[in-house]
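The values are calculated or read from the model by the stated rules, or taken from the named source; none is laboratory data. Since we're looking at a predicted model, the values are computed, not measured. Cβ coordinates were reconstructed from backbone atoms using ideal geometry, including for glycine residues, and neighbour counts include every protein chain displayed. All accessible areas refer to the heavy atoms of the entire protein, side chains included, with ligands and DNA or RNA removed. Shrake-Rupley method; radii C 1.70, N 1.55, O 1.52, S 1.80 Å.
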Amino acid sequence: MGPPPVVTGISPKEGPPGTRVTIRGEFLGTGATDLIGLKICGCDCLLSAEWKSRNKIVARSGPCKGRGDIIVTTRSGGEGTSTVQFRGYHESIGPVKESAVWVEETAPPALPWGRRPMSPTAYTPPDPLGLSTEGDDYKFPEEELNELFPDGSGKLTDENFQPGWYLLEHHSNTSFEDLKAGLVFLQRKVEGQKEGQLSFLKANTGAVMDQLDRLVLLKNMYEDDERKNGREPLPSLQAAIEESISLADSLFSEILSRKENADKTREALSMLTRHKFLFQLPASIDKNIKKKEYDLVVNDYTRVKNLFGNTDVKLFQKILDEIDKKIEDLKENLYMRMKTMPCNVQEQTKYIRLLISLNWEGDAAWEAVSSRHQYLMALLNKVKDHFKQKEEQENSEKGKRKSRDDSGVSWGVGRGSWCACASAALSRELHALWPLARRYFAGELAGRPTDPQRHAELKEMIIAAVELFSEHMRYCLMGGSGAAGALPPDTLRTRLLANLAHLREAYESLLKLDLPSQPLAIVEKVIFEYRVHGMSVFLQRALRRVKALSGLETWKVQEFTDYGAITGLPHLLESYIEEALSCISKCVLPCGRRETPLLAEHSPPLLTLHKQTEQILMAFVSVLEGLVLDHEEEFDNSSLSILLEQSVEDSPESGSRSWQQKLLIANANAHYTRKVILDRVADAFQSYSVGPPLVGLKASREALSSLETRIGEQYIEQKGDPLVGTIEPSMFVGRHQPLTMPTDARPYVYEIINNLIAVHAEVDSICGPSSSRYVRDICETVCEEVSRLAATPLSRTAAFRARLDCALLRLACSEHLTRKAESYLIEALAGLPPLDNEEDKKRMDNLIQGFKKRMELQLACLNCNVETI
């Protein structure tokens with residue numbers, strides 16, 4: 001609490017009720033609201049008090065009588081003290097006496113509808129010095145006079161009259177010579193009054209005698225009254241006086257109250273007229289807010305603040321408080337409208353300018369930028385949640401279909417729309433956020449100096465939004481490659497092109513905004529990754545289709561080539577790779593604006609392309625291998641004794657193919673792929689200006705060559721082993737025949753020839769010119785077995801028979817004998833005795849010639865279409 005008030009001076013020091021008293025002192029309050037009490041001679045005068053400053057209060061005295069203190073009470077200092085006193089008195093009222101009705105010194109102008117206020121007659125005594133004050137407009141300040149003469153007065157009739165006060169107040173500009181002349185005039189006037197007393201009495205003897213008679217009459221009346229009322233008439237007189245005082249007070253109070261009411265009415269009407277704008281402003285604000293005419297509200301509020309911002313009038317302050325409350329509500333409303341999204345930039349800019357004009361405490365423009373960033377982040381997440389929920393509902397309605405095509409189509413439609421919506425949202429909101437932020441940093445929307453750290457915060461906002469968009473796009477476009485790859489090629493290509501177009505549109509919109517390079521690089525990376533992903537999707541689709549070729553193989557020969565009869569598998573491999581390259585070339589290979597070439601030399605995507613192409617080729621090798629080597633069938637030995645009854649064209653269905661025939665067809669497919677298809681694949685890469693996968697092609701050729709060798713070995717093992725197994729039993733059938741010279745070869749020779757013919761016919765029907773290698777290998781195995789079983793004969797007939805068998809076998813297989821097979825036969829003949837006589841030689845020649853004639857057709861079948869490969 002502050003120091004208590006102290007009253008050190010008043011002016012005037014006495015007066016009747018209603019006297020305007022100026023109170024001076026210290027700590028008289030910090031404001032009009034701080035003054036809570038004022039008593040003059042014990043009468044409450046707070047209602048008429050007018051606080052001027054911490055050292056001055058103006059008030060009117062109440063119906064007080066006698067001397068008393070002036071007590072001031074404030075909120076900050078409490079009840080105060082007084083070093084001076086005021087004397088109140090009651091004047092008797094007569095027909096020529098001025099009443100205690102006053103007019104304000106600063107009375108308002110006369111109102112047009114009322115009476116003009118009446119002013120009391122003012123008597124101005126003549127100047128005692130006899131000097132004129134006309135033309136002297138300068139008045140000495142009353143406050144300084146009070147300071148110079150704290151206990152004095154400038155009135156001639158006052159007891160505490162101070163001549164210095166009077167001279168300063170009326171003759172501060174009078175010259176010294178004039179003042180000396182005035183002093184001579186005053187002295188002469190006083191002397192004249194002293195000399196004129198006797199002459200006055202002489203001139204007024206009659207009047208004096210009348211007065212004496214009146215005094216005698218009063219004396220007689222007093223004596224009569226004393227006889228009637230006794231010697232103590234004072235109580236009754238006192239009672240009468242008190243009654244008259246009470247009556248006067250009541251009359252005075254009524255007159256004062258009527259005057260106060262009239263004054264208040266006049267003041268209220270005058271105030272309403274002068275300050276109509278202020279009193280009507282609250283209603284005007286509500287009306288303009290409802291019409292959304294916020295500019296008018298701001299203009300009116302600025303005007304009223306300039307006019308009444310520092311007023312001390314309580315009524316004005318109350319109205320201003322009401323206006324401030326409405327303005328605070330308006331600020332909150334504008335702030336919420338500015339932050340509520342969606343909101344176009346023009347409306348948001350308007351709200352920012354209004355908040356700045358209303359001296360909003362925060363940074364409105366930055367709040368708008370932050371709200372737009374938060375809305376963009378929430379919008380991207382909302383788009384993601386919407387499409388994820390929609391996708392989950394579709395999956396639940398479909399009962400989690402197992403069909404890959406159905407799931408693929410659903411994925412493509414939903415996520416394609418997701419990509420389009422997210423791209424549009426990013427482009428639209430950044431086109432609103434970025435220009436708004438640039439205007440903010442340019443100072444167009446900043447009500448205060450911008451914080452340098454806001455640049456870094458804005459950059460982080462943009463990067464965060466673009467990264468979230470990129471994250472969603474990776475999940476949307478690259479999170480379901482398996483389902484996407486199951487789409488038909490045209491649909492898949494259309495979807496990839498559409499999604500890539502959405503990404504590029506978003507990227508183009510960011511380029512137009514002149515954003516920093518870092519967020520642009522993020523979108524560039526997403527586009528590049530999606531192009532790589534699209535390439536992988538096409539290649540993975542080709543890989544899956546190649547792996548599914550095992551279920552498409554019908555073993556129906558589609559074409560006879562120089563490498564044998566082939567089915568549709570090699571051409572399907574070529575078409576799948578060609579289709580994948582075509583889709584890659586049309587969809588993801590073309591570069592957009594500022595995009596990195598996808599398949600630059602030694603780039604990771606090119607290595608990925610080569611690696612996945614190698615996987616496709618190796619998967620084809622695995623398919624061929626799985627078709628014949630992983631599903632061995634029971635070998636039918638009866639096929640060795642008969643020729644094929646149907647040609648390849650007459651048996652298109654896989655059910656009529658033996659496993660050995662499938663081995664041959666698979667070998668032909670592998671051979672054709674190695675010699676033809678791989679070269680075409682390399683040419684296809686070059687036709688699309690893409691480097692061929694040399695490493696993959698080389699590995700595939702080696703794998704195919706190895707597969708051909710294993711298939712051939714498997715076929716020879718399955719065909720040669722049973723054939724060789726029949727030689728030994730057949731060779732020793734009829735071993736104890738008569739020792740007569742043979743007239744023909746033994747049956748096992750014919751059986752070997754028939755079996756070789758059957759093998760040759762089967763191989764030639766499928767492998768064509770390349771069939772000789774299988775027959776040569778089997779012949780080599782047969783010759784080895786014959787050489788092993790050959791024994792030294794004990795008789796001339798047995799030796800002749802063994803030599804005849806070897807000669808006929810060599811004759812039948814002459815076109816298919818390798819050097820190793822020749823060596824086996826020579827080794828077998830080396831153990832036989834030579835033909836010494838001409839008779840045996842001639843017989844041998846005759847038997848051989850007869851064999852040629854009888855077996856001419858068989859020998860032609862065995863040795864036809866033989867080429868060295």
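Filter the range 13-64 down to residues that are among the basic types (Lys, Arg) and in a loop (DSSP other than H, G, I, E, B) and give me whichever is most open to solvent (accessible area, probe 1.4 Å).
Taking the range 13-64 and keeping what is among the basic types (Lys, Arg), we get 13, 20, 24, 39, 52, 54, 56, 60.
Still in the list and also in a loop (DSSP other than H, G, I, E, B): 13, 54.
Numbers: Lys13: 57, Arg54: 119 Å².
Among those that are among the basic types (Lys, Arg) and in a loop (DSSP other than H, G, I, E, B), it is Arg54.
Could you please let me know if Ala446 is modelled with pLDDT of 80 or more and open to solvent by less than 60 Å² (accessible area, probe 1.4 Å)? Working first, answer last.
Numbers: modelled with pLDDT of 80 or more: no; open to solvent by less than 60 Å² (accessible area, probe 1.4 Å): yes.
The answer is no for Ala446.
Just wondering, is there one or more residues in the range 347-360 that are more than 24 Å from Asp451 (Cα to Cα) and without any contact (Cβ under 8 Å) to a residue 60 or more places away in the chain?
The initial filter retains those residues of the range 347-360 that are more than 24 Å from Asp451 (Cα to Cα), namely 347.
The next check asks that each one be without any contact (Cβ under 8 Å) to a residue 60 or more places away in the chain; those that pass are 347.
Taking every residue of the range 347-360 in turn, at least one turns out to be more than 24 Å from Asp451 (Cα to Cα) and without any contact (Cβ under 8 Å) to a residue 60 or more places away in the chain.
So, in the range 458-502, of the ones that are open to solvent by 30 Å² or more (accessible area, probe 1.4 Å) and part of a loop (DSSP other than H, G, I, E, B), which residue ends up modelled with the highest pLDDT?
Once the filter is applied, the top-ranked residue is Pro488.
Being closer than 23 Å to Thr743 by Cβ, out of contact with any Ser or Thr (no Cβ under 9 Å at 6 or more places or on another chain) and not in a helix (DSSP H, G or I) narrows it down to one residue among Asp836, Asp840, Asp845, Asp805; which is it? First the steps, then the outcome.
On the way: Asp840 fails: not in a helix (DSSP H, G or I); Asp845 fails: not in a helix (DSSP H, G or I); Asp805 fails: not in a helix (DSSP H, G or I).
Just a single option satisfies the conditions, and that option is Asp836.
Take Lys56 and decide whether it is without any contact (Cβ under 8 Å) to a residue 60 or more places away in the chain, within 19 Å of Asp249 (Cβ to Cβ) and over 60 Å from the mean Cα position of the chain (by Cα). Steps first, please.
On the way: without any contact (Cβ under 8 Å) to a residue 60 or more places away in the chain: yes; within 19 Å of Asp249 (Cβ to Cβ): no; over 60 Å from the mean Cα position of the chain (by Cα): yes.
Criteria not met by Lys56.
Just give me the residues in the range 325-350 being more than 12 Å from Ala432 (Cα to Cα) and either in contact with a strand residue (DSSP E or B) (Cβ under 9 Å, 6 or more places away or on another chain) or open to solvent by 70 Å² or more (accessible area, probe 1.4 Å) (or both), in sequence order.
Lys325, Glu328, Asp329, Glu332, Met336, Arg337, Thr340, Lys350
Only one of these is basic (Lys, Arg), in contact (Cβ under 8 Å) with a residue 24 or more places away in the chain, out of contact with any strand residue (DSSP E or B) (no Cβ under 9 Å at 6 or more places or on another chain) and over 19 Å from Gln661 (Cα atoms): Lys556, Lys547. Name it.
On the way: Lys556 fails: over 19 Å from Gln661 (Cα atoms).
It is Lys547.
The rows are residues; the columns are (1) open to solvent by 50 Å² or more (accessible area, probe 1.4 Å); (2) at pLDDT below 85.
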{"residue": "Lys662", "(1), (2)": "no, yes"}
{"residue": "Val676", "(1), (2)": "no, no"}
{"residue": "Asp679", "(1), (2)": "yes, no"}
{"residue": "Leu694", "(1), (2)": "yes, no"}
{"residue": "Tyr715", "(1), (2)": "no, yes"}
{"residue": "Gly720", "(1), (2)": "no, yes"}
{"residue": "Glu728", "(1), (2)": "yes, yes"}
{"residue": "Thr743", "(1), (2)": "yes, yes"}
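Step by step: first the residues of the range 310-324, then only those that are open to solvent by less than 40 Å² (accessible area, probe 1.4 Å) and at pLDDT below 85, then the one that is nearest to Ile285 (Cα to Cα). Which residue is that?
Out of the qualifying residues, it is Phe316.
Would it be correct to say that Glu293 is of a type outside the set (Lys, Arg), open to solvent by 50 Å² or more (accessible area, probe 1.4 Å) and either free of Cβ contacts under 8 Å to residues at least 60 places away in the same chain or closer than 22 Å to Lys326 by Cβ (or both)? Before the answer, list the steps.
Working: of a type outside the set (Lys, Arg): yes; open to solvent by 50 Å² or more (accessible area, probe 1.4 Å): yes; either free of Cβ contacts under 8 Å to residues at least 60 places away in the same chain or closer than 22 Å to Lys326 by Cβ (or both): yes.
Spelling it out, Glu293 is indeed of a type outside the set (Lys, Arg), open to solvent by 50 Å² or more (accessible area, probe 1.4 Å) and either free of Cβ contacts under 8 Å to residues at least 60 places away in the same chain or closer than 22 Å to Lys326 by Cβ (or both).
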